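The values are calculated or read from the model by the stated rules, or taken from the named source; none is laboratory data. Here the structure is a predicted model, which is why all the values come from computation and not from measurement. Because the Cβ atoms are built from the backbone with ideal geometry, glycine has one as well, and the counts that use them run over all protein chains shown. Just so you know, the surface numbers come from the protein's heavy atoms only, side chains and all, with ligands and any DNA or RNA stripped out. Shrake-Rupley method; radii C 1.70, N 1.55, O 1.52, S 1.80 Å.
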Amino acid sequence: MSHTPKASAEEILETFPELRDIGDEELRASVVEIWREVLEESGWEAVSQVPKHPYKVPATVTLVDHTRSVTQMAVAVAEVAERVQGIAFDRDLLIAAANLHDVSKLLEFEPSQSGGRASRFGHLVQHGFFGAHKMWEKGLPLEMVHNVIVHTTTSRYLPQTWEAVIVHYVDYLDSDALNLVHGVPLNIKK
């Protein structure tokens, strides 16, 4: 019996058009394949169904929109820093890492009547780890793996590359904006 995949490579590229800006075709194909593989392992039928964070913001706030926002903001920040401060960046690495930073949420959350809830996997495995594992399996650069591991404050490590610093902060920028809009108090340490 043949299994029909939940998403084709083209569907992933349509969902995340920013991936088309990755110049390295092998890297782009690996990022797309990671999304396809993690979707297959999840309880979701489509990436578009996955909420950004179902017990913080409404399930209508999607992981896709958050991922696209983080990816676009990361590139914008990097371009400004390069233009104004002369700080170079690796565009392909930045786009790929920003796009994959939350891929593990497909397993950390599971479908529910309310649109999503934390899964057993999400309770037991540190956020970001599985995405980094999938990147490692594909032989993606160590800097990308690092970027995904350190994008969250649950990591014991701090960002050590410029691209990792960017993704870390724009992820929180987008998340804090969404939290404010939906009445979730910010947890900013002074």
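Being free of Cβ contacts under 8 Å to residues at least 24 places away in the same chain and not charged (D, E, K, R) is the filter; apply it to the range 89-125 and report the residue that is farthest from residue 31 (Cα to Cα). Checking each candidate, the answer is 113. Take the conditions (1) touching an Asp or Glu at 6+ places or on another chain (Cβ under 9 Å); (2) in contact (Cβ under 8 Å) with a residue 60 or more places away in the chain; (3) closer than 19 Å to residue 35 by Cα; residue 162 misses just one of them, which is (3).
Cβ separations smaller than 6 Å between residues 6+ apart or across chains give the following pairs from the range 61-79 residues that are part of a helix (DSSP H, G or I) to residues that are of a type in the set (Ser, Thr, Tyr) and open to solvent by 50 Å² or more (accessible area, probe 1.4 Å): 64/48. Residues that are assigned to a loop (DSSP other than H, G, I, E, B) and buried (at least 16 other Cβ atoms within 10 Å of the Cβ) within the range 80-97 comprise 89, 90, listed in sequence order. Looking at the range 170-182, can you tell me whether even one residue there is crowded, with 24+ Cβ neighbours inside 10 Å and either at positive phi or in contact (Cβ under 8 Å) with a residue 60 or more places away in the chain (or both)? No, every residue in the range 170-182 fails to be crowded, with 24+ Cβ neighbours inside 10 Å and either at positive phi or in contact (Cβ under 8 Å) with a residue 60 or more places away in the chain (or both).
Looking only at the range 50-67, residues that are out of contact with any Ser or Thr (no Cβ under 8 Å at 6 or more places or on another chain) and either at pLDDT below 95 or farther than 15 Å from residue 131 by Cβ (or both) come to 7 in all.
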